[in-house]
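The values are calculated or read from the model by the stated rules, or taken from the named source; none is laboratory data. This one's a predicted model, so the numbers in the text were calculated from it and none came from an experiment. We place every Cβ from the backbone using ideal geometry, glycine too, and count neighbours over all the protein chains shown.
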């Protein structure tokens, strides 16, 4: 990735826990959202470019979407980015639906 493309990003949010850093960016020139994950525990370093309606879910649950990573520097086992994330997620509808709690449970 060119340095000029990276420098044009604006950080929207960042969180860190147990050696995993997740950063949420917006690139105004490309009008693109990017979630970057750096996991020191497993040596993973990748980015996901989600569709807008999935962006916050990807930020909070990046490993659920890791197979859609656009760049993976240290994990050769992650397949290349799927440009049609919505279609791919439709193939796994259980990831898109939030189930209400069972009766009697809160």
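Tell me whether segment 47-57 contains one or more residues that are assigned to a strand (DSSP E or B) and modelled with pLDDT under 95.
Filtering segment 47-57 for residues assigned to a strand (DSSP E or B) gives 47-48.
If we keep only those that are modelled with pLDDT under 95 as well, we get 47-48.
Yes, the conditions are met somewhere in segment 47-57.
Taking the criterion of being touching a residue at least 24 places away in the same chain (Cβ under 8 Å) and assigned to a loop (DSSP other than H, G, I, E, B), would at least one residue in segment 2-19 satisfy it?
There is at least one residue in segment 2-19 that is touching a residue at least 24 places away in the same chain (Cβ under 8 Å) and assigned to a loop (DSSP other than H, G, I, E, B).
State which residue is nearest to residue 61 (Cα to Cα) when the search covers only segment 17-41 and only residues that are surrounded by 11 or more Cβ atoms within 10 Å (Cβ to Cβ) and more than 14 Å from the chain's Cα centre (by Cα). Step through it out loud before you land on a result.
Our first condition is that a residue be surrounded by 11 or more Cβ atoms within 10 Å (Cβ to Cβ); within segment 17-41, this holds for 20-27, 30, 32-40.
The next check asks that each one be more than 14 Å from the chain's Cα centre (by Cα); those that pass are 27, 30, 40.
Values: 27: 21, 30: 24, 40: 17 Å.
In this case the residue turns out to be 40.
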